[in-house]
1. Among the residues of region 25-45, which ones are open to solvent by 60 Å² or more (accessible area, probe 1.4 Å), under 28 Å from Tyr293 (Cβ atoms) and part of a strand (DSSP E or B)?
2. Check Lys252 against each of (1) in contact with a Gly (Cβ under 8 Å, 6 or more places away or on another chain); (2) at pLDDT below 95; (3) over 30 Å from Ser297 (Cβ atoms) and name the one condition it does not meet.
3. Step by step: first the residues of region 114-126, then only those that are in contact with a strand residue (DSSP E or B) (Cβ under 6 Å, 6 or more places away or on another chain) and under 15 Å from Ala68 (Cα atoms), then the one that is surrounded by the fewest Cβ atoms within 10 Å (Cβ to Cβ). Which residue is that?
4. Any idea which of (1) more than 17 Å from Val119 (Cβ to Cβ); (2) open to solvent by 30 Å² or more (accessible area, probe 1.4 Å); (3) of a type in the set (Gly, Ala, Ser) is the one Gly304 doesn't satisfy?
5. Hey, could you check region 147-164 for residues that are touching a strand residue (DSSP E or B) at 6+ places or on another chain (Cβ under 8 Å) and within 18 Å of Arg257 (Cβ to Cβ) and say which is modelled with the lowest pLDDT?
6. Given the criteria more than 24 Å from Phe287 (Cβ to Cβ) and surrounded by fewer than 19 Cβ atoms within 10 Å (Cβ to Cβ), does Tyr48 qualify?
7. Among the residues of region 250-282, count how many are more than 21 Å from Thr114 (Cβ to Cβ) and open to solvent by 60 Å² or more (accessible area, probe 1.4 Å).
8. As an exercise: evaluate Gly285 against (1) open to solvent by 30 Å² or more (accessible area, probe 1.4 Å); (2) on the phi < 0 side of the Ramachandran plot; (3) of a type outside the set (Val, Ile, Thr) and give the number of the one condition it does not meet.
Amino acid sequence: MLKAYFAIVSFLSVLSVGPALAAPPGNWQAKLAGQMRVDERSGKDLRYQYRLRFYPAYHFDAAWSLQAFVATGKGFASSHNTLDDGKADHLYLRRLYLRHQDSAGKTEFGVIPTYKGDVASTGLSKDGWINGLRRVQNMNANTRLEVVVGELAHLDNADAWQKWHSLNYAELELSSRVNNALSYELSLEHMLGDNFLRGELRYQSASQQTYAIELVDRLDSNKVKLVLSFGMPLAWLGKNTELFSHYSYADKGFGERAELTEDFLDYGHAIALELDGKLGVKPWGWFAKFEHYAEHSTNRAQLGIKFSF
């Protein structure tokens, strides 16, 4: 199976021709984002947490660059540190990789991101990492084919300097925009010793309301993870305020992949409601989140401020 993926990667790389995208050569670029939040959970102590994310990049020329990701937190799907817990000093280089990008697509090699672009609720956490190779091929203006091969491991050690042991991860994904409102993704995945089929259908109305349905099927047992989501701008709270809500269901026997997803709540039924807005002074913003877990009839609420520049 993995040999077939390597063959596809090689074939797509040969197709990668075309003018390079404009980018400043010999230039450092960086993005820094952070937040502070209060985290209240049913039956547990109140927590005060913070998160830092740093994205440095060096562009050798218009096509080649060296990319990195440094963040707090110590796990694959976690990037928050808790104040006053005696362990709030976690700051790791999580990813380090070479990227080649032009009009035909992009290739990434090293300790790479878990995503090619926007992160879906059922996609692997944006804080995570994969040791390996990604090729994204632009088939036409609206369709892309992505191939990833590598290793998904060291989930509790957010350090990019890990030895590679085996090729245990493979992904083949087709994503396409049908029109200005409708898009979809369909992918086959092999990870954590299991095989998965993932599908996503997304609709955005003229008024910027977004509806999505995502389904992941564990093929050996047909255990599923389902996410229904809705998002919209809230102009009455400010022109930069947005609402995002989602319902999720994950079978208890679905496996560890459920916990590594971007918007994992809990096994069983759960719902989440999120608000995100800008403060008057750039680059500051605010956010609030409420979650309810039906399995244990418990709740969680978060409130915080953030910045990005």
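The values are calculated or read from the model by the stated rules, or taken from the named source; none is laboratory data. Just so you know, these numbers come straight off a predicted model, no measurement behind them. Every residue, glycine among them, receives a Cβ derived from its backbone with ideal geometry; neighbour counts consider all protein chains shown. Each accessible area value is taken on the protein alone, full model and side chains, heavy atoms only, with ligands, DNA and RNA left out. Shrake-Rupley method; radii C 1.70, N 1.55, O 1.52, S 1.80 Å.
1. Pass one, region 25-45, residues open to solvent by 60 Å² or more (accessible area, probe 1.4 Å): 25, 28-31, 36, 40, 43-45.
With the extra rule that they be under 28 Å from Tyr293 (Cβ atoms), the set shrinks to 36, 40, 43-45.
The answer is Met36, Glu40.
2. (3)
3. First pass over region 114-126, keeping only residues in contact with a strand residue (DSSP E or B) (Cβ under 6 Å, 6 or more places away or on another chain): 114, 116, 120-122.
Now drop any that are not under 15 Å from Ala68 (Cα atoms), which leaves 114, 116.
Numbers: Thr114: 24, Lys116: 20.
Ranking the candidates gives Lys116 first.
4. Here Gly304 meets the rest and fails (2).
5. If we filter region 147-164 for residues that are touching a strand residue (DSSP E or B) at 6+ places or on another chain (Cβ under 8 Å), which is where we start, we get 147-153, 155-156, 158-162, 164.
Restricting the remaining residues to those that are within 18 Å of Arg257 (Cβ to Cβ) gives 148-153, 155-156.
Numbers: Val148: 98, Val149: 98, Gly150: 96, Glu151: 96, Leu152: 95, Ala153: 91, Leu155: 91, Asp156: 88.
That would be Asp156.
6. Working: more than 24 Å from Phe287 (Cβ to Cβ): no; surrounded by fewer than 19 Cβ atoms within 10 Å (Cβ to Cβ): yes.
Here the answer is no, as Tyr48 does not meet what is asked.
7. Number satisfying all stated conditions: 9.
8. Answer for Gly285: the failing condition is (1).
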